[in-house]
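Here the structure is laid out as structure tokens; the discussion comes afterwards.
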Amino acid sequence: MELHDVWFVLIAVLWIGYFFLEGFDFGIGVLTKLLARDRKERRVLINTIGPVWDGNEVWLLSAGGATFAAFPEWYATLFSGFYLPLLLILFCLIVRGVAFEYRAKRTEDRWQTNWEHAIFWTSLLPAFLWGVAFGNIVRGVKIDADMEYVGTLGDLLNPYSLLGGLVTLSLFTFHGAVFAGLKTLGDIRQRARGLALKLGVVTAVLALVFLIWTQKDNGDGASLVAMIVAVFSLVAAIAFTAAGREGWAFGLSGVTIVAAVAMLFLTLFPNVMPSSLNDAWNLTVTNASSTPYTLKIMTWCAGIATPVVLLYQGWTYWVFRKRIGTQHIADAH
């Protein structure tokens, strides 16, 4: 296997890790409106991800940095063609981080309410837009012979990519609801389980249509296996949620995300960004990659740094593994 193939796989792993971890972060943000009944319950939900949300976003930075270094042509075409959607995602992630930190800085009701609105919308929009972006990458966009995107913003808003956005939004919200059931106590835990069941059914319908559409247009044997794993894991996650086994349900909802994202990358390879104008203009792991020497240096750096990051992040989750409830939230002064 060539180094550019290895880095395609590593970038896929980084995106899988990001969507697995940041997926339930986005879901919790959306659930602050759908699940929480009052400010104390919203504080409980936010506290479930309080120690980990910023660490989860490191996976996005790593994926973006690895793409820039390993496949500069892919990075340039992607960020120029998808400039406005990616700028909106970046803006949402900035505001969302500020909202988590500033919400409790003042006690006025209007101040906290505004930041809570910001948490909801800046979780919902990226969860939807990531699906739109990856839907377009898999479907193919208007790339010319100079590896430049020549389409418009309207070209990105096609039925397939919009369905992809609905799938990621519903899947992340379901993932977040299962996580809320795993991390909370009392009434909010029971309501999280009930909401997760409803979200799971909606997600299953949307995901099944999207994955079958993807397999029909771009799939092969490997992507078919990933699709089957994703579907069965989602059904099993719903079943374990109904049985009150939140740990198994969360693990399986995570497997669903892993398998679904893996399927998208399997349908791409050896392309990294197909052209809808001419197959000869596709960006591939070969024509979009950096030099072998650059990839070799990156491989050594990743081999040293990645285990350290994984150990530290795993330790963080272990330290903050206990459930919390409204009884753990002090009354506001």
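From the list Val167, Val178, Val272, which residue is crowded, with 20+ Cβ neighbours inside 10 Å and not in a helix (DSSP H, G or I)?
Numbers: Val167 fails: not in a helix (DSSP H, G or I); Val178 fails: not in a helix (DSSP H, G or I).
Criteria check complete, one pass: Val272.
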Residues of the range 103-162 that turn out to be closer than 21 Å to Thr32 by Cα and aliphatic (A, V, I, L, M), as a count: 7
Only one of (1) touching a residue at least 60 places away in the same chain (Cβ under 8 Å); (2) touching a Leu at 6+ places or on another chain (Cβ under 8 Å) is not met by His175, so which one is it? (2)
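Would you point out the residue of the range 225-247, among those that are part of a helix (DSSP H, G or I) and open to solvent by 70 Å² or more (accessible area, probe 1.4 Å), that is farthest from Ile188 (Cα to Cα)?
Filtering the range 225-247 for residues part of a helix (DSSP H, G or I) gives 225-242, 246-247.
Now narrow it down to the ones that are open to solvent by 70 Å² or more (accessible area, probe 1.4 Å): 225, 228, 232, 235.
Details: Val225: 36, Ile228: 32, Phe232: 27, Val235: 23 Å.
Result: Val225.
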Kindly indicate whether any position in the range 254-268 is in a helix (DSSP H, G or I), open to solvent by 50 Å² or more (accessible area, probe 1.4 Å) and either closer than 30 Å to Ile46 by Cβ or without any contact (Cβ under 8 Å) to a residue 12 or more places away in the chain (or both). yes
All but one of (1) out of contact with any helix residue (DSSP H, G or I) (no Cβ under 8 Å at 6 or more places or on another chain); (2) over 21 Å from Trp59 (Cα atoms); (3) at pLDDT below 90 hold for Leu277; which doesn't? (3)
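Tell me which helices (runs of 4 or more DSSP H) are completely within the range 1-96 and hold 3 or more residues being surrounded by fewer than 22 Cβ atoms within 10 Å (Cβ to Cβ), hydrophobic (A, V, I, L, M, F, W, C) and in contact (Cβ under 8 Å) with a residue 40 or more places away in the chain, or say none if there are none. Give the derivation first.
Values: elements: 3-34, 39-49, 53-56, 58-70, 72-81.
Per the criteria, 3-34, 58-70.
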Can you find, within the range 297-333, the residue that is modelled with the highest pLDDT among those that are among the small types (Gly, Ala, Ser), out of contact with any Gly (no Cβ under 7 Å at 6 or more places or on another chain) and closer than 17 Å to Leu45 by Cβ? Ala330
Restricting attention to the range 97-138, and to residues there that are open to solvent by less than 20 Å² (accessible area, probe 1.4 Å) and among the hydroxyl-bearing types (Ser, Thr, Tyr), which single residue is farthest from the chain's Cα centre (by Cα)? Thr122
Scanning for something among the hydrophobic types (A, V, I, L, M, F, W, C) and farther than 22 Å from Thr326 by Cβ, does the range 29-43 turn up at least one residue? no
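Given the structure, is Phe210 touching a Leu at 6+ places or on another chain (Cβ under 6 Å), open to solvent by less than 50 Å² (accessible area, probe 1.4 Å) and within 27 Å of Phe79 (Cβ to Cβ)?
yes
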Counting just the residues of the range 281-316 that are more than 19 Å from Ala63 (Cβ to Cβ), touching a residue at least 60 places away in the same chain (Cβ under 8 Å) and not β-branched (Val, Ile, Thr), which one comes out least open to solvent (accessible area, probe 1.4 Å)? Asn282
All positions within the range 139-172 that are touching a residue at least 40 places away in the same chain (Cβ under 8 Å) and within 24 Å of Leu234 (Cα to Cα): Arg139, Tyr160, Leu163, Gly164, Leu166, Val167, Thr168, Leu169, Leu171, Phe172
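The values are calculated or read from the model by the stated rules, or taken from the named source; none is laboratory data. Note that the coordinates shown come from a computational prediction; the quantities given were computed from them, not determined experimentally. Methodologically, a virtual Cβ is constructed for each residue, glycine included, from the backbone with ideal geometry; neighbour enumeration extends over all protein chains shown. The accessibility values were calculated without ligands, DNA or RNA, using every heavy atom of the protein model including side chains. Shrake-Rupley method; radii C 1.70, N 1.55, O 1.52, S 1.80 Å.
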